[in-house]
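Working notes, structure below.
The values are calculated or read from the model by the stated rules, or taken from the named source; none is laboratory data. Predicted model only: the values in this text are computed from it and were never measured. Positions of Cβ are generated from backbone atoms using ideal geometry, with glycine treated the same way; all protein chains shown enter the neighbour counts. The area values use the complete protein model at the heavy-atom level, side chains included, leaving out ligands, DNA and RNA. Shrake-Rupley method; radii C 1.70, N 1.55, O 1.52, S 1.80 Å.
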Amino acid sequence: MTRLAGFEVFGEVAVKDITRSIAALIEWPTGIIQTLLVDGIYSGFGSQQIILAPPLSWLGVTAAAILSGLRLGGPRLAGLTAFSAGYLLGFGLWRSAMQTISLLTVAVPIGAGLGLWFGILLWRRPRIQAPAMLAFDQLQTIPVFAYLVPIVVFFGLGYSPAILATVVFAVPTMIRTTVTGLNLAQDSVGELARSLGCDRRQELWTVLIPTAQAELRVGVNQVVMLSFSCTVLASLVGTNGLGYDILVALRQLDIGRGLEAGLGITLMAILLDRFFQSSARRARGSRLTRRSFLGLLAVALAGPTAASLWLPQLAVWPEGWRISTGAFADTIVEWVNVNLYWLMDGIKKALLIHVLIPVKTFMAAIPWAAGVLFVALLGHLVGGPVRALLVGSLMLATAAVGLWQATMLTVYLCAVSVAAAALLGIPLGILAGRSPAAAGIILPVVDMLQTLPAFVYLIPAIMFFGAGDFPAFIAITAYAICPAIRFTELGIRSVPASLTEAGTQFGMTRLQRLWTIELPAAAPQLLLGLNGTIVMALSMLVVTALIGTKDLGRETLTALARVDPGRSFTAGLAVACLAVIANRLVGGLAEKRLAAQMPRG
């Protein structure tokens, strides 16, 4: 074995040759799917191009999807499918949506398959489950940018690195749900399987996996959702699709186009989520057998596709039929910047002068020794010496790799954003928890915000506030507010009715019951929401580095631009260390609060 140009060489074959072959193998099915959905089969180029077989017609794909929705989920799912297809077609996003589907059609099965395989391996080895799951959880807290760089180095640009990065990001969730599902299934029916004489293989595939089907479906669903969240990052390494549309809109500051593409991703994610939920049961009243239904789908796909040879409008949605909100969005932005500049600039200057700059100056001046000792002290107060050693060691690691200053700037921007998200999100969560009518308005908006790609939040922040720390603060707060609302609503709604009735009998007002009964009882959920808000804020910090922040996100982006995998992975691990520290401190407080509420027997 020798070294050649930085790559290991085994005989006459370099590692680069192996990885590029793997990349070609991954791109092969992606190319086939894209040919079917987007390009079609043709010969020649330019004016000499001859179409041999058109891509599947938008009308045929829409009809097949509506029929599938009608069979699986009834009229409501069919209506949602029709609306989603109409939105993508009307706003000229169909081609981009099909390119995104081409990527996810390969990434999701790979991620789900690897997650199932690794989950089964861990389930068979209980001794290593805990450390392995901790390692996989930390892998998910590392920004995608961090391992995008080494993947690009070995696999080049295009669909293959995008698919691999998506798989690495999404597979830990599938592993966890597989292990959890198999453990639950073994507890419930494992004894029965062994009493029937099943060997280990039969017990797994004929008893436990079918029993754990609900958990496995959740895992696949989460793989799909997480894969959608990587679409914009995938565009950074040379893929097309809705993520690329958002990236172009960000570069051009086209808020209308960015929101259109972002909502397109949201609709597709919601639609696939509904399909997965409905796939567990077939809509009642269906008189068609599976074979007849597949034949009907084939006719729905083939008929319009064949007709598109004579009617080009069936192959490509006509440009003249397209609508756009670009002009409307530009008008709103212009009106706000002209008429409300005084207000927005005043808010920006006040928060910068009185909050952001003082906190930034304070955090930047903290020496590494004091910071490490302070974090270790917090760990000791929350969970004793073991937790103090863990969080102190992780904080020390960020200083040991030379990233202390960037880490403190990350903590500053994350802290002020999380504080703002909590101040806004907790009252909204309380309102939603106390009022079903308010919950019907607030929670759907939260669901929509959670499915929007992170890059979408940057566009209005830049257009209204420019570049720098303040628009980053606004974008992070908007992106991270959802867990604060969700968990607060859950906590308030879960307060036992007997406690609130007791408060009412003692003559307490609604405000008094909130402060003395409901919030203390909901404290564990509030702390879990705070933990989720911190994790989302840390993940958004890498994205906000695109608009001029100077933190660990900037380190990761700089490494990506210079194709420096070592620097990228080091910065990513530093972000993961901060996520673990937050989890152990805030999660430890939640555990202590929950333990205090448990009845002692």
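Observations, loosely collected:
- Condition broken by F169, with the remaining ones in (1) open to solvent by 30 Å² or more (accessible area, probe 1.4 Å); (2) at pLDDT 90 or above; (3) closer than 22 Å to F276 by Cβ satisfied: (2)
- Helices (runs of 4 or more DSSP H) contained entirely in the range 423-527, each with at least 3 residues that are touching a helix residue (DSSP H, G or I) at 6+ places or on another chain (Cβ under 9 Å) and of a type in the set (K, R): none
- Complete set of residues in the range 318-332 that are touching a residue at least 24 places away in the same chain (Cβ under 8 Å), under 26 Å from L253 (Cβ atoms) and not polar (S, T, N, Q): E319, R322, I323, G326, A327, F328, A329, D330
- Criterion violated by T549 - all others in (1) in a loop (DSSP other than H, G, I, E, B); (2) crowded, with 22+ Cβ neighbours inside 10 Å; (3) at pLDDT below 80 satisfied: (3)
- Some residue of the range 494-506 being within 30 Å of V338 (Cβ to Cβ) and modelled with pLDDT under 80: no
- Among the residues here, S568 does not qualify as assigned to a helix (DSSP H, G or I), touching a residue at least 12 places away in the same chain (Cβ under 8 Å), open to solvent by 40 Å² or more (accessible area, probe 1.4 Å) and among the small types (G, A, S).
- Subset of the range 380-430 [farther than 25 Å from A475 by Cβ and either among the β-branched types (V, I, T) or open to solvent by less than 20 Å² (accessible area, probe 1.4 Å) (or both)]: V382, G384, V386, A388, V391, G392, M395, V401
- As for the range 382-399, it holds at least one residue that is closer than 30 Å to R493 by Cα, assigned to a helix (DSSP H, G or I) and not small (G, A, S).
- Subset of the range 99-111 [more than 16 Å from S229 (Cβ to Cβ) and open to solvent by less than 20 Å² (accessible area, probe 1.4 Å)]: Q99, S102, V106
Listed here are the residues, each with its yes/no results for (1) open to solvent by less than 70 Å² (accessible area, probe 1.4 Å); (2) part of a loop (DSSP other than H, G, I, E, B); (3) modelled with pLDDT of 85 or more.
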| position | (1), (2), (3) |
| --- | --- |
| L294 | no, no, yes |
| L301 | yes, no, yes |
| S324 | no, yes, no |
| E334 | no, no, no |
| L351 | yes, no, yes |
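- Taken over the range 200-215, the criterion of being within 13 Å of T178 (Cβ to Cβ) and either in contact (Cβ under 8 Å) with a residue 40 or more places away in the chain or among the acidic types (D, E) (or both) is satisfied by L204, Q213, A214, E215.
- Taking the listed residues G433, G466, the one that is farther than 30 Å from R554 by Cβ and either crowded, with 22+ Cβ neighbours inside 10 Å or free of Cβ contacts under 8 Å to residues at least 24 places away in the same chain (or both) is G433, with no other qualifying.
- When the helices (runs of 4 or more DSSP H) confined to the range 63-166 are screened for residues that are of a type in the set (D, E) and touching a helix residue (DSSP H, G or I) at 6+ places or on another chain (Cβ under 8 Å), those reaching at least 1 such residues are found at 129-141.
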